[in-house]
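The structure appears right after this line, and notes come after that.
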Amino acid sequence: MTGDPLQALLSAGAVPSVSFPPTSRYAEVGTTHHVPAGAPGETPIPVAFLRRRLVPRPERFSTLYEVRCVEGDRRDLLAARHLGDPELWWRLADANGVIDPVGMADPPGRVLRVTLPVDVRGGDA
């Protein structure tokens, strides 16, 4: 009896599973596999990859307060100051509809919303 080669590789641990911490923007994305066409007689090796992450619309975030960016602000500094973790800068980017987070704090004077996580409603919602 011949089994599914992909299942055999997954069961054997040959294809690594990816696990992200709960604070990661990829925590709930999940993975999938692509099995490329191999040469005749070869067993193709599956390639694991992350599924596409769909960024939530800014309207899905409840605003806690707004902050005005100043000279020298960076996404990691803003996240550390307002969310308690510099690696959560992506939550600020998502909540503000920022496409390129590198310049998220530019220009000085830009107003950013600090929000609850996506789909969490505040007490007045």
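Please enumerate the residues belonging to region 99-118 that are part of a loop (DSSP other than H, G, I, E, B) and among the aliphatic types (A, V, I, L, M). Lay out the reasoning, then the answer.
Filtering region 99-118 down to residues part of a loop (DSSP other than H, G, I, E, B) leaves 99-100, 104-110, 116-118.
Those that are part of a loop (DSSP other than H, G, I, E, B) and among the aliphatic types (A, V, I, L, M): Ile99, Met104, Ala105, Leu116, Val118.
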Residue pairs meeting the criteria (Cβ under 8 Å; at least 6 apart or on separate chains; first touching a residue at least 24 places away in the same chain (Cβ under 8 Å), in region 57-68; second surrounded by 15 or more Cβ atoms within 10 Å (Cβ to Cβ) and polar (S, T, N, Q)) = Pro58/Asn96; Phe61/Thr115; Ser62/Thr115; Thr63/Thr115; Leu64/Thr115
inquiry  = If I ask for residues that are charged (D, E, K, R), out of contact with any strand residue (DSSP E or B) (no Cβ under 9 Å at 6 or more places or on another chain) and exposed (fewer than 13 other Cβ atoms within 10 Å of the Cβ), which ones from region 15-52 would you list?
reply    = Glu28, Glu42, Arg52
query = Within region 99-114, can you find the residues that are closer than 15 Å to Pro58 by Cα and modelled with pLDDT of 95 or more?
reply = Val111, Leu112, Arg113, Val114
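Working only within region 16-68, note down all residues that are outside any loop (DSSP other than H, G, I, E, B) and of a type in the set (S, T, N, Q).
Going through region 16-68, the residues outside any loop (DSSP other than H, G, I, E, B) turn out to be 31-34, 47-50, 58-60, 63-68.
Of everything in region 16-68, those that are outside any loop (DSSP other than H, G, I, E, B) and of a type in the set (S, T, N, Q) turn out to be Thr31, Thr32, Thr63.
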task = Report, by residue number, each residue of region 76-125 that is among the acidic types (Asp, Glu) and at negative phi.
result = Asp76, Asp85, Glu87, Asp94, Asp100, Asp106, Asp124
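Checking the condition on the phi > 0 side of the Ramachandran plot and modelled with pLDDT under 85, which residue from Gly72, Gly13 passes?
Details: Gly72 fails: modelled with pLDDT under 85.
Residue meeting the stated conditions: Gly13.
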task = Can you run down the residue pairs with Cβ atoms below 6 Å, 6 or more apart or on separate chains, where the first is in region 32-49 and more than 14 Å from Pro5 (Cβ to Cβ) and in the same structural domain as Pro5 (by TED's automatic domain parsing) and the partner is among the charged types (D, E, K, R) and modelled with pLDDT of 80 or more?
result = Thr32/Arg51
task = Determine if region 71-87 includes at least one residue that is in contact (Cβ under 8 Å) with a residue 40 or more places away in the chain, surrounded by 11 or more Cβ atoms within 10 Å (Cβ to Cβ), within 25 Å of Ser19 (Cα to Cα) and not assigned by TED's automatic domain parsing to the domain that holds Ser24.
result = yes
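The values are calculated or read from the model by the stated rules, or taken from the named source; none is laboratory data. Keep in mind it's a predicted model, so treat the numbers as computed, not measured. With ideal geometry, Cβ positions are generated from the backbone for all residues, glycine too; neighbour counts draw on all protein chains shown.
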